[in-house]
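The values are calculated or read from the model by the stated rules, or taken from the named source; none is laboratory data. Everything quoted here is computed from the prediction, not taken from an experiment. Please note: Cβ atoms are built from the backbone with ideal geometry, for glycine as well, and neighbour counts cover all protein chains shown. The area values use the complete protein model at the heavy-atom level, side chains included, leaving out ligands, DNA and RNA. Shrake-Rupley method; radii C 1.70, N 1.55, O 1.52, S 1.80 Å.
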Amino acid sequence: MKQVDVMGVRVEMPTNKPILLLRERDGERYVPIWIGAPEATAIAYAQQGVTPPRPLTHDLLLNVLTGLGHELSSVIITRMEEGIFYAELVIDGDQRISSRSSDAVAVALRAQVPVFVEEEVLAEVGVDVPVEEEDEVERFREFLDNVSAEDFEVGDEGSEGS
């Protein structure tokens, strides 16, 4: 199991699908996870430190957890099956609860706890980024610094002309 840093979310072109990008800490592998727009917004909000006037779902989950006297210890991306990533929330150091990977990361960012990826997952889907491609990674970081949650909102395309 390796700790990863949450690099952020971006929108893949031309499909306009958000991607969560994780980077192996002390390594060169990246894990791209395609996620939904609401999850991308939740992750972007957490990374930008946006505090909504009322708790969003991930905030609520963390509030319930801590309100009941428990603590989120970490998040683990445990496996990938048929293109779907699976994760677990680690509560109080030893209790594990199944979660979607995007939701787990959104909660982990709010709780400021580490995110891990099982070595088998990294071996299967990790993408090595050689040193000469670090400029591309730096451009991606600049993108993340300038992206806002509104960039991931989906408009109601079917209502035009109604």
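Side notes on the structure shown:
- Pair list, Cβ < 6 Å and 6+ apart or interchain, from segment 91-116 residues that are touching a residue at least 40 places away in the same chain (Cβ under 8 Å) to residues that are open to solvent by 60 Å² or more (accessible area, probe 1.4 Å): VAL107/LEU61; PHE116/MET1
- Of all residues in segment 66-89, those that are within 21 Å of VAL4 (Cβ to Cβ), at pLDDT below 95 and either part of a loop (DSSP other than H, G, I, E, B) or within 13 Å of the chain's Cα centre (by Cα) (or both) total 1.
- Test: ALA108 is modelled with pLDDT of 95 or more and under 15 Å from MET7 (Cβ atoms): yes
- From the list VAL4, VAL105, VAL11, the one residue that fits, being buried (at least 19 other Cβ atoms within 10 Å of the Cβ) and assigned to a strand (DSSP E or B), is VAL4.
- Within segment 80-123, the set of residues being acidic (Asp, Glu) and closer than 23 Å to GLY69 by Cα comprises GLU88, ASP92, ASP94, ASP103.
- Considering residues of segment 23-63 that are assigned to a loop (DSSP other than H, G, I, E, B) and among the hydrophobic types (A, V, I, L, M, F, W, C) only, the residue surrounded by the fewest Cβ atoms within 10 Å (Cβ to Cβ): VAL50
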